[in-house]
């Protein structure tokens, strides 16, 4: 039986988290779980009277070009040892997604354990997320001119507010409720923050770091800033640690390439190869998204160039997993779509227009800028005549999304 989470399920859900290795039976588990599930519409599958599958979602907003639209993030899909490989997790996730759509989310995001599983629910893979390990001494930034403020796990509320006020680019996500940030701070061991406040005492930019050993490598879990000058100051903070810390692992700053801030990056990579301070980076496409509301998502697009209109015949794999009592059944069907400076989508068909056939997986990737229509004819299910594909790709000149919020 799939049903909403109840507070009485807490002990069972913490046991699930321990069984999957996300928790280790520590004294902080209860506090972490309270933050993890706060502000999160969640569902469980009950087996023999106990919650054995837990799916959590979290509301927020995603920036599409210059406009925020409502989103929902699946922050956890967890099955106990007695509930594996029986379809419970997929069905519970489908119910949670339908609930998010019914509450107004236009798009859903999640992090994947591997590619393919969530494709069954209509998700499509986004672009690569890059992580690099750098020598902070090689940062080409000025010497730090003022002392940062020390931040701790007790500063969760102000840290969350700063995250939401940070500089975002296309695809940038914000999650509601500071519990999600407080949870992350408590969950990480040896974590600490360094940041700066404005004259009103508001935190404006900071780094949250995880220390390891005397000389690192440190891990930068996230860093937030509102202006380019603040970004440079955060890098100056990292450089100020370089007399002791020899490597820091962090993600790319949105809108920039980290390599542009480094002095002789390839020489550093060669000299540190295979050591504990190895500076090699890695990339992985581990975030997926799917459209929940076609009119809202298409309507958010402001595209340059000659407008293009077409019939869209859309399939949605999630349909088979949605119970009959859910009002939202997916987005499959016939749509009339117009892309341009003013974009829109409505139910119906127009015999005078060309037709594009695709899955919601493919449409989601195309819509957010993670793939082209031409590429999706090869790696996806997208079908249309070459002229329509060329016109769509010509007008879809939007940057690849940068979510800048791990979940």
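Any read-out appearing in this document is the output of simple, stated calculations on the displayed coordinates, not a laboratory observation. If you're wondering where the values come from, they're calculated on a predicted model, not measured in any experiment. With ideal geometry, Cβ positions are generated from the backbone for all residues, glycine too; neighbour counts draw on all protein chains shown.
Key figures for this structure:
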quantity: Computed E for residue 39/residue 273 - FRET, C-beta separation, R0 45 angstrom, nearest 0.05; calculated: 0.55
quantity: Beta bridges per DSSP with both ends in the chain, % antiparallel, nearest 5; calculated: 85 percent
quantity: Three-way shape label, the stretch 281-345, alpha-carbon gyration tensor, a/c 1.5; calculated: oblate
quantity: Residues in the stretch 203-231 reached by a label modelled at residue 244 [backbone nitrogen below 19 Å; 7 Å Cα→Cβ]; calculated: 207-221
quantity: Fewest-first ranking of 240, 38, using other Cβ atoms within 10 Å as the exposure measure; calculated: 38, 240
quantity: 0 to 90° range, to nearest 10: angle between helix 228-240 axis and the chain longest Cα axis; calculated: 40 degrees
quantity: Alpha-carbon centroids, the stretch 286-318 and the stretch 60-107: separation in whole Å; calculated: 18 Å
quantity: Ellipticity estimate at 222 nm from DSSP helix runs (n ≥ 4, -39,500 (n - 2.57)) divided over the chain, nearest 500; calculated: -7500 deg cm²/dmol
quantity: Size-normalised alpha-carbon gyration radius of the chain, reference 2.2 N^0.38 Å; calculated: 1.05
quantity: Residues 379, 337, 73, 141, sorted so that the one with the fewest Cβ neighbours within 10 Å comes first; calculated: 379, 141, 337, 73
quantity: Top of 46, 102, 214 by mean-square fluctuation, Gaussian network on the chain, Cα under 10 Å; calculated: 214
quantity: Largest-first principal axis extents of the Cα set of the stretch 23-83 (Å); calculated: 47, 27, 16
quantity: Most mobile of 57, 145, 188 in a GNM of the chain (Cα contacts under 10 Å); calculated: 145
quantity: Pairs of alpha carbons in the stretch 2-105 whose separation is greater than 24 Å (percent); calculated: 25 percent
quantity: Most mobile of 48, 282, 99 in a GNM of the chain (Cα contacts under 10 Å); calculated: 48
quantity: Value of relative contact order over the stretch 313-391, rounded to a whole percent, pairs C-alpha under 8 Å and six or more apart; calculated: 27 percent
quantity: Spatial extent of the stretch 1-48: Rg and Dmax, with the Cα atoms as the point set, Å; calculated: 10.8, 31
quantity: Added length on full extension, which subtracts the Cα-Cα distance from 0.36 nm per residue, residue 309 to residue 26; calculated: 96.2 nm
quantity: At R0 = 41 Å, FRET efficiency that the Cβ-Cβ distance of residue 325 and residue 115 yields, to 0.05; calculated: 0.85
quantity: Taking only Cα atoms of the stretch 293-395, radius of gyration then Dmax in Å; calculated: 13.5, 43
quantity: Using alpha-carbon coordinates, inclination of helix 88-102 to the longest axis of the chain, degrees; calculated: 80 degrees
quantity: For the stretch 130-281, the fraction of alpha-carbon pairs in successive 10 Å shells from zero, as %; calculated: 11, 41, 36, 11, 1
quantity: Volume per residue of the C-alpha convex hull in the stretch 134-210, rounded to whole Å³; calculated: 139 Å³
quantity: Helix 10-19 vs. the chain, principal-axis angle (Cα, 0 to 90°, nearest 10); calculated: 80 degrees
